[in-house]
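Undergrad: First, the structure itself, so that you have it in front of you.
The values are calculated or read from the model by the stated rules, or taken from the named source; none is laboratory data. This one's a predicted model, so the numbers in the text were calculated from it and none came from an experiment. Ideal geometry is used to build each Cβ from the backbone, glycine not excepted, and the neighbour counts take in all protein chains shown.
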Amino acid sequence: MKEFLAMGGYAAYVWTSYGITAFVVALNVWLAQRRYRRALGALRPAGTQAEPVRQPTVRKMT
Amino acid sequence: MGLKRTFHLLGSPPTVYRLAGLLGPWVGIGAVILIAAGTYGGLVLAPPDYLQGDGFRIIYVHVPSAYIGLMAYVLMAVAAAVGFIWHMKIAHAVAVSAAPVGASFTFLALVTGAVWGKPMWGTYWQWADARLVSELVLLFLYLGVMLLRASFDDRDKGDRVSAVLAVVGVVNVPIIHYSVEWWSTLHQGPTIAQLDTPSITMDMLVPLLTMIAGFTLCFAWLILKRVQAEILDRESRARWVEQLVTGASA
Amino acid sequence: MTPRRQRMVLIGLVVAGVAVSAALALQAFRENVLFFFSPTEIAAGNAPVERGFRLGGMVADGSVARTEGSLTIDFVVTDYAHSIPVSYTGVLPDLFGEGQGVVARGQLNEDGSFTAEEILAKHDENYMPPEVAEALERGRAAGTQ
């Protein structure tokens with residue numbers, strides 16, 4: 001285990017790379033989910049929503 | 001007429017919304033499994049490199065990140081072009097969604113590359129290296145497209161103007177890819193440019209391909225989720241969205 | 001021409017214009033886009049020798065000579081057609097070694113030797129386990145005998 005963590009002397013570089021990658025991927029997942037929840041939240045009929053309704057500009061989709 | 005019909009279906013917001021909702025969980029599960037397997041394979045199963053030892057394991061996060069950063073740009077540019085030419089709102093929704101995700105993976109490719117370069121090459125960064133600088137330009141293009149879009153209050157205008165920058169920036173994609181062949185660079189040539197003759201042994205290659213597949217599914221999941229959100233924003237007055245909301249909250 | 005057709009042509013022309021400009025710019029500044037110059041390019045007079053530049057190639061086998069008690073090192077950079085002797089004082093990257101790729105930033109001297117201020121290691125795109133590398137090495141040695 002100790003040998004595994006040491007990464008043949010490259011521990012600092014290998015674990016930094018994997019750590020930053022894990023962080024950015026997790027952040028991406030969280031941001032996408034938050035983006036979706038907010039879009040859904042903005043649609044809830046008045047009185048039932050927790051957040052104030054954002055009034056999106058509406059255009060007919062073709 | 002199958003192609004035309006598909007094109008029309010993909011232009012239908014409720015169809016795309018429901019399709020994304022159906023696909024999402026499966027894509028997500030696939031991403032988790034492949035990334036877990038790829039990480040285990042890369043850190044534990046793959047042998048150390050003859051030259052770089054265990055330091056070479058950074059390849060398993062660096063290459064997939066760089067691949068997604070480029071692939072996302074091509075997707076964004078194609079979607080932006082389709083949206084610009086055919087006035088297709090779903091295509092703009094895809095282009096909007098691809099930008100922040102692609103930017104984050106490009107950032108990862110730059111950072112993991114720098115962290116890998118320090119012990120092996122002896123430097124984090126070289127301003128004169130064509131591969132490194134063109135990859136940085138890719139990040140700036142993503143940020144430029146996002147900023148340009150955000151600078152318009154009118155969503156339609158933002159979509160159309162930023163689409164032009166997104167499409168023009170695609171010129172940088174072949175420059176990034178071929179920089180290591182056209183010019184002398186510190187960065188080495190491509191390891192898996194041709195799948196049939198990779199410059200890496202099988203036991204090192206399999207975890208890498210697994211990781212690339214996992215990152216691709218992860219990217220797909222992120223895009224599906226964000227496109228769903230974009231559709232809800234853009235269609236908030238449509239009957240089907242109202243039904244969706246009242247149905248969900250009843 | 002329909003408006004859709006016009007938009008298609010417009011975006012096509014803009015991309016083509018930018019692509020051509022980029023190609024011309026990269027061609028005009030080619031010397032600045034190159035990260036390093038090989039000994040052959042220097043011998044042919046294609047390197048900007050009047051200012052500092054980078055020399056790239058392989059560290060010739062058996063050429064590395066260290067000065068004892070200091071960080072000074074001398075070696076030969078070769079592309080197997082031409083060679084240039086290099087001297088350097090400072091820290092070396094992990095991958096520096098004989099038979100390995102190297103990029104040295106510095107100045108070409110009057111006598112044709114090169115004084116480096118910075119040494120970077122350049123490796124190729126091949127990755128393999130140590131056993132495979134040894135087997136390859138044995139195969140190569142057997143082939144040359």
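Undergrad: From B:Gly69, B:Gly122, B:Gly102, B:Gly113, grab the single residue that is of a type outside the set (S, T, N, Q), surrounded by 19 or more Cβ atoms within 10 Å (Cβ to Cβ) and in contact with a Leu (Cβ under 6 Å, 6 or more places away or on another chain). Let's see the steps before the verdict.
TA: Working: B:Gly69 fails: in contact with a Leu (Cβ under 6 Å, 6 or more places away or on another chain); B:Gly102 fails: in contact with a Leu (Cβ under 6 Å, 6 or more places away or on another chain); B:Gly113 fails: in contact with a Leu (Cβ under 6 Å, 6 or more places away or on another chain).
None of the other options fit; the residue is B:Gly122.
Undergrad: Additional query: Quick one: would you say B:Arg57 is away from chain C (no Cβ under 14 Å), basic (Lys, Arg) and in a helix (DSSP H, G or I)? Steps first, answer last, please.
TA: Numbers: away from chain C (no Cβ under 14 Å): no; basic (Lys, Arg): yes; in a helix (DSSP H, G or I): yes.
Considered against the rule, which asks whether it is away from chain C (no Cβ under 14 Å), basic (Lys, Arg) and in a helix (DSSP H, G or I), B:Arg57 comes out as no.
Undergrad: Does B:Phe219 satisfy the condition of being within 30 Å of B:Asp129 (Cβ to Cβ) and in contact with a Pro (Cβ under 6 Å, 6 or more places away or on another chain)?
TA: no
Undergrad: Out of B:Val173, B:Val206, B:Val180, I need the residue that is in contact (Cβ under 8 Å) with a residue 12 or more places away in the chain and touching a Phe, Trp or Tyr at 6+ places or on another chain (Cβ under 8 Å). Which one? Before you say what the answer is, go through the steps one by one.
TA: Values: B:Val206 fails: touching a Phe, Trp or Tyr at 6+ places or on another chain (Cβ under 8 Å); B:Val180 fails: touching a Phe, Trp or Tyr at 6+ places or on another chain (Cβ under 8 Å).
Matching residue, one of B:Val173, B:Val206, B:Val180: B:Val173.
Undergrad: Let me ask another. For region B:43-53, which positions are in a helix (DSSP H, G or I) and either free of Cβ contacts under 8 Å to residues at least 40 places away in the same chain or within 23 Å of B:Trp221 (Cα to Cα) (or both)?
TA: Listed by number, the residues that qualify are B:Leu43, B:Val44.
Undergrad: Looking only at region C:76-104, which residues are closer than 19 Å to B:Trp121 by Cα and either without any contact (Cβ under 8 Å) to a residue 24 or more places away in the chain or not assigned by TED's automatic domain parsing to the domain that holds C:Glu118 (or both)?
TA: C:Val76, C:Thr89, C:Val91
Residue-by-condition table, conditions (1) surrounded by fewer than 22 Cβ atoms within 10 Å (Cβ to Cβ); (2) touching a helix residue (DSSP H, G or I) at 6+ places or on another chain (Cβ under 6 Å); (3) closer than 24 Å to B:Val82 by Cβ:
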residue: B:Trp127; (1), (2), (3): yes, no, no
residue: B:Met146; (1), (2), (3): yes, yes, yes
residue: B:Asp159; (1), (2), (3): no, yes, yes
residue: B:Leu186; (1), (2), (3): no, no, no
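Undergrad: So if I check each of C:Val20, C:Val49, which one is loosely packed, with under 15 Cβ neighbours inside 10 Å, among the β-branched types (Val, Ile, Thr) and in contact (Cβ under 8 Å) with a residue 24 or more places away in the chain? Talk me through it step by step, then tell me what you get.
TA: Working: C:Val20 fails: in contact (Cβ under 8 Å) with a residue 24 or more places away in the chain.
Of C:Val20, C:Val49, the one residue that is loosely packed, with under 15 Cβ neighbours inside 10 Å, among the β-branched types (Val, Ile, Thr) and in contact (Cβ under 8 Å) with a residue 24 or more places away in the chain is C:Val49.
Undergrad: Would you mind stating whether B:Gly30 is surrounded by 18 or more Cβ atoms within 10 Å (Cβ to Cβ), assigned to a helix (DSSP H, G or I) and not hydrophobic (A, V, I, L, M, F, W, C)? Give the derivation first.
TA: Details: surrounded by 18 or more Cβ atoms within 10 Å (Cβ to Cβ): no; assigned to a helix (DSSP H, G or I): yes; not hydrophobic (A, V, I, L, M, F, W, C): yes.
Answer is no for this residue.
Undergrad: Picking from B:Ala130, B:Ala150, B:Ala213, which residue would you name as being among the small types (Gly, Ala, Ser) and within 19 Å of the chain's Cα centre (by Cα)? Break it down into steps so the answer makes sense when it comes.
TA: Values: B:Ala130 fails: within 19 Å of the chain's Cα centre (by Cα); B:Ala150 fails: within 19 Å of the chain's Cα centre (by Cα).
Just one listed residue meets the conditions, B:Ala213.
Undergrad: Right, here's the next one. Please state which of the following conditions B:Val74 fails to meet, knowing it meets all the rest: (1) surrounded by fewer than 20 Cβ atoms within 10 Å (Cβ to Cβ); (2) within 11 Å of chain C (Cβ to nearest Cβ); (3) in a helix (DSSP H, G or I).
TA: (2)
Undergrad: Right, next: Of the numbered conditions (1) among the aliphatic types (A, V, I, L, M); (2) in contact (Cβ under 8 Å) with a residue 24 or more places away in the chain; (3) over 22 Å from B:Ala130 (Cβ atoms), C:Val132 fails exactly one; give the number of that condition.
TA: Checking C:Val132 against (1) among the aliphatic types (A, V, I, L, M); (2) in contact (Cβ under 8 Å) with a residue 24 or more places away in the chain; (3) over 22 Å from B:Ala130 (Cβ atoms), the one that fails is (2).
Undergrad: Anything in region B:1-27 that is in a helix (DSSP H, G or I) and of a type in the set (Ser, Thr, Tyr)? List them, or say none. Give the derivation first.
TA: If we filter region B:1-27 for residues that are in a helix (DSSP H, G or I), which is where we start, we get B:2-10, B:13-27.
Result: B:Thr6, B:Thr15, B:Tyr17.
Undergrad: Provide a single number: the residues in region B:199-213 that are surrounded by fewer than 22 Cβ atoms within 10 Å (Cβ to Cβ) and in a helix (DSSP H, G or I).
TA: Keep residues of region B:199-213 that are surrounded by fewer than 22 Cβ atoms within 10 Å (Cβ to Cβ), which gives B:199-203, B:205-206, B:209, B:212-213.
Next, only the ones that are in a helix (DSSP H, G or I) stay: B:202-203, B:205-206, B:209, B:212-213.
Count: 7.
For (1) in contact with a Lys or Arg (Cβ under 8 Å, 6 or more places away or on another chain); (2) closer than 30 Å to C:Tyr127 by Cβ; (3) within 10 Å of another protein chain (Cβ to nearest Cβ); (4) outside any loop (DSSP other than H, G, I, E, B), each residue gets a yes or a no:
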residue	(1), (2), (3), (4)
B:Val78	no, no, no, yes
B:Val82	no, no, no, yes
B:Trp125	no, yes, no, no
B:Val133	no, yes, yes, yes
B:Arg160	no, no, yes, yes
B:Ala166	no, no, no, yes
B:Asn172	no, yes, yes, yes
B:Ile176	yes, yes, no, yes
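Undergrad: Residue by residue through region B:2-16, note down the ones that are within 10 Å of another protein chain (Cβ to nearest Cβ) and of a type outside the set (S, T, N, Q). Before you say what the answer is, go through the steps one by one.
TA: First, the residues of region B:2-16 that are within 10 Å of another protein chain (Cβ to nearest Cβ): B:11-14.
Answer for region B:2-16, where residues must be within 10 Å of another protein chain (Cβ to nearest Cβ) and of a type outside the set (S, T, N, Q): B:Gly11, B:Pro13, B:Pro14.
Undergrad: Any residue in region C:60-73 that is over 28 Å from B:Lys118 (Cβ atoms) and touching a residue at least 40 places away in the same chain (Cβ under 8 Å)?
TA: Looking for residues that are over 28 Å from B:Lys118 (Cβ atoms) and touching a residue at least 40 places away in the same chain (Cβ under 8 Å), one finds none in region C:60-73, hence no.
Undergrad: Evaluate region B:54-70: report whether one residue or more is free of Cβ contacts under 8 Å to residues at least 12 places away in the same chain and closer than 18 Å to B:Val145 by Cβ.
TA: No, the conditions are met nowhere in region B:54-70.
Undergrad: Considering (1) surrounded by fewer than 21 Cβ atoms within 10 Å (Cβ to Cβ); (2) part of a helix (DSSP H, G or I); (3) at pLDDT 90 or above, say which one B:Phe152 fails and leave the rest.
TA: (2)
Undergrad: I'd like to check something: does region C:113-121 contain any residue that is at pLDDT below 90 and away from chain B (no Cβ under 14 Å)?
TA: At the first step, the residues of region C:113-121 found to be at pLDDT below 90 are C:113.
Still in the running and away from chain B (no Cβ under 14 Å): C:113.
The answer is yes; a qualifying residue exists.
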